[in-house]
Structures are given as structure tokens and as C-alpha cells.
Amino acid sequence: MGDQEEKGIYLFCGIQTEQDGDSFGTVEIEGTEREIFTIGYKDAAMVVAEVPMKIYHPNRDNLMFHQNTVSKVMEQNNTVIPISFGNVFKTRDDVKVLLENLYPQFEKLFPEIKGKIEVGLKVIGKKAWLENKVNENPEAVKKAAAVKGKSEAASYYERIQLGGMAQKMVQEIQDDIKTEIFSPLEKTAEAAKANESLSETMLLNASFLVDRDKEELFDEKVNEAHEKWKDKVDFKYTGPWPAYNFINIRLTVEES
């Protein structure tokens, strides 16, 4: 049965290279080792693996094989264009045609991302500190006292007001953090993005495009900011990644 299985070509990322048919080792995809190789066009190539032709679901293991492969390629090539998860094409020729079509975009992107990495910084407020900030507001304390002991129905509108008050306060803290943490880092980065917060206590969710030559300087600035804020917030600093948040190439595989 396995021999009858229709084969496809899974795409990981695009790279700038003069070589065609480069190998990047192997990757385990759903329990089977697959060779990672390139399909080239001019000075561009797609990094791919031959896989069974089917839909790959974005579960944790699958997302990891995709991400880990792109990271492995990044270690050996400093101009990597990430491709979104789950794209499988029927043949190598299909990939070559796709690459020819994308080449004008790739050509523009290569100089913009050459030697650059993306890092992520999430700043999460410590619960005790956030609660203290709310308690420092006499109006909020008065409102909370009024709500205590009332029936659920009677306190409903007051609780909504209290929630709005806390929200306003978190917004003010987020603005402070943007000024004190995000803005100085943005100056050292080539580009920066403040993404949407993923939880109520997340005060900053940012991505930065950093020149590898300035990576050390950028790390120092992150450490300085952490030193200043460590009693109030936790930092989650991740990377290096290819420029996921700064490149928008979405592939749609046409059903035929």
C-alpha cells in the first residue's frame, strides 16, 4: 500500500543561493525520516521534502517539524524567506513554476532580509504588581468595597464599571511599556511590530527585525530593560527566527 501512496513536495522556506539540489539533512515527518533538499531557480531556491500527498494538520508535532527545519536552514543560510505551514505541491516542476512566479517578490525581499533575524519579546505583568496598581486607585478600591457583599444582580453594573476601570489602568501601563521598553528597542532594530496581546496580563507582544551585526547590542538593551522592570513583569524573549512577522507570503495550493 505504501508504494502506491501518491507523493508530494512539502515546502518549508525560500532561500537565496546559487546552488541547486543542496541538502539540509533530514527531518522526521509523522514518524518517517525525510531528506530536506532544494529546488532552485536563478539565485533562489525552495527548501523542500518529499512526503505523502495529503493534508498536514497543524498539531504541535507537525508545527515543530516545520519550525525546526526552517531554524536548521537559518543556521546555514542568512537569507531565509519563511513559507506558511502545510503547503504540499504535486511535483518538483510545480514547485519550480511557483518559484518562478514568486521570484520577483523574492528578488525584492532578499536585500531587505539578508543577514537579519526576527526576535520576539512578550512582557507579562506579574499578578501581584498589577493588583497593587489597581488597589492604588482610590476610586477602584471604593467601587470594589461597594460591590462586596451585594447580591450578584445588584452588583452587576458596578462590577462592569470596576472591570472597565482595571482595563483603563492596564491600557495606561501598556502605553508606559511601549514608551519605556518598545520604543528604545525599536531604535536599535531594523523594523519593529507591536502585535496584539494574547492575554489580559500581557502588556507587550512585539516582534523585532534585527541585523545580525547588532544582535549583541539588541540583547544588551533587552537585558537593561529587564533589569529595570523585573520586579513588575516577566520577559519572554524568543528567537532567532526568520522574518515571519515582516514578510507576508501566503501560498494557496489550488485544488485540482
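Laboratory data are not the source of any read-out in this text; all were calculated from the coordinates shown. These numbers come from a predicted model, not from an experiment. Quick reminder, even Gly has a Cβ in these numbers, built from the backbone with ideal geometry, and neighbours come from all protein chains shown.
With respect to GLU28, is the statement that it is surrounded by fewer than 14 Cβ atoms within 10 Å (Cβ to Cβ), touching a helix residue (DSSP H, G or I) at 6+ places or on another chain (Cβ under 7 Å) and within 20 Å of LYS7 (Cβ to Cβ) true?
Yes: the conditions hold for GLU28.
Cβ-Cβ distance below 9 Å, separation of 6 or more or different chains: which pairs start in region 21-42 with a residue that is free of Cβ contacts under 8 Å to residues at least 12 places away in the same chain and end on one that is of a type in the set (Asp, Glu) and in a strand (DSSP E or B)?
THR26/GLU33; THR26/GLU35
Looking only at region 21-37, decide whether some residue is within 19 Å of LYS114 (Cβ to Cβ), polar (S, T, N, Q) and touching a strand residue (DSSP E or B) at 6+ places or on another chain (Cβ under 8 Å).
No.
Among the residues that make up region 53-70, is at least one of them among the hydrophobic types (A, V, I, L, M, F, W, C), assigned to a strand (DSSP E or B) and farther than 21 Å from PHE246 by Cβ?
No, every residue in region 53-70 fails to be among the hydrophobic types (A, V, I, L, M, F, W, C), assigned to a strand (DSSP E or B) and farther than 21 Å from PHE246 by Cβ.
Can you tell me which residues in region 194-213 are buried (at least 16 other Cβ atoms within 10 Å of the Cβ) and under 16 Å from PRO240 (Cβ atoms)?
ALA206, SER207, PHE208, LEU209, VAL210
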